[in-house]
């Protein structure tokens with residue numbers, strides 16, 4: 001039996017997990033179960049009471065509940081790719097950048113996307129997020145990827161969140177000063193890897209036939 005991945009197509013955390021799995025694991029490595037967040041299956045809640053996606057149930061029964069843990073698990077199954085995507089010399093920098101993405105930037109992103117639920121204006125929260133956008137753009141002015149001229153875990157982990165930020169107001173983003181970041185984002189949006197992980201699947205129900213991924 002393959003591992004089981006509970007996922008939600010549009011969730012950036014689930015996207016980064018699927019990107020890593022698709023890039024590192026062999027074909028049909030997991031049984032993908034598409035979750036509707038307002039109607040979470042009992043089997044997901046049973047193995048992960050917090051019931052947030054992604055969740056990966058491994059064949060031996062171990063449960064990975066964090067997207068970065070799932071990404072690192074995928075890398076660990078392919079030592080050559082692990083060395084390439086998570087080189088020892090860049091580990092501290094990679095995880096530091098991801099920490100800012102998952103912390104201050106994600107906080108600003110949520111408020112920018114749903115500004116009517118919060119105290120400040122959408123522009124205010126966008127400007128908070130621009131601090132990170134500017135830092136990414138500066139990196140990409142010098143290199144093709146966030147850590148240099150080769151892709152790393154940082155690109156896979158951060159891309160889905162920049163995508164979500166850009167989609168809040170695509171006209172503003174595409175006209176913004178972040179030209180290197182726009183080019184980087186567009187590279188990912190048309191990549192075979194991204195397109196392959198964005199296939200639409202119906203909501204998983206108990207008893208459904210397996211949906212093998214990648």
query: Among the residues of the range 193-210, how many are more than 20 Å from residue 12 (Cα to Cα) and surrounded by 16 or more Cβ atoms within 10 Å (Cβ to Cβ)?
result: 0
statement: With criteria (1) crowded, with 19+ Cβ neighbours inside 10 Å; (2) part of a helix (DSSP H, G or I), residue 43 comes up short on (1)
field: Residue list for the range 29-39, filter: within 20 Å of the chain's Cα centre (by Cα) and part of a loop (DSSP other than H, G, I, E, B)
entry: 29, 35, 36, 37
statement: Matching residues in the range 112-138 (touching a helix residue (DSSP H, G or I) at 6+ places or on another chain (Cβ under 6 Å), surrounded by fewer than 20 Cβ atoms within 10 Å (Cβ to Cβ) and in a helix (DSSP H, G or I)) number 5
task: Name every residue in the range 51-65 that is in contact with a strand residue (DSSP E or B) (Cβ under 9 Å, 6 or more places away or on another chain) and without any contact (Cβ under 8 Å) to a residue 24 or more places away in the chain, in order of residue number.
output: 51, 62, 63, 64, 65
query: From the residues in the range 53-75 that are part of a helix (DSSP H, G or I) and in contact with a helix residue (DSSP H, G or I) (Cβ under 6 Å, 6 or more places away or on another chain), which one is farthest from residue 42 (Cα to Cα)?
result: 75
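Hey, any hits in the range 171-192 for a residue that's touching a strand residue (DSSP E or B) at 6+ places or on another chain (Cβ under 8 Å), touching a residue at least 12 places away in the same chain (Cβ under 8 Å) and surrounded by 12 or more Cβ atoms within 10 Å (Cβ to Cβ)?
yes
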Candidate set: the range 29-40, residues that are in contact (Cβ under 8 Å) with a residue 60 or more places away in the chain and surrounded by 16 or more Cβ atoms within 10 Å (Cβ to Cβ); chosen: the one nearest to residue 78 (Cα to Cα): 29
query: Out of all the residues in the range 146-167, which are without any contact (Cβ under 8 Å) to a residue 24 or more places away in the chain and assigned to a loop (DSSP other than H, G, I, E, B)?
result: 149
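A short reminder: the numbers here are calculations on the coordinates, not readings from a lab. Predicted model, so just to flag it, every value in this text is computed and none were measured. With ideal geometry, Cβ positions are generated from the backbone for all residues, glycine too; neighbour counts draw on all protein chains shown.
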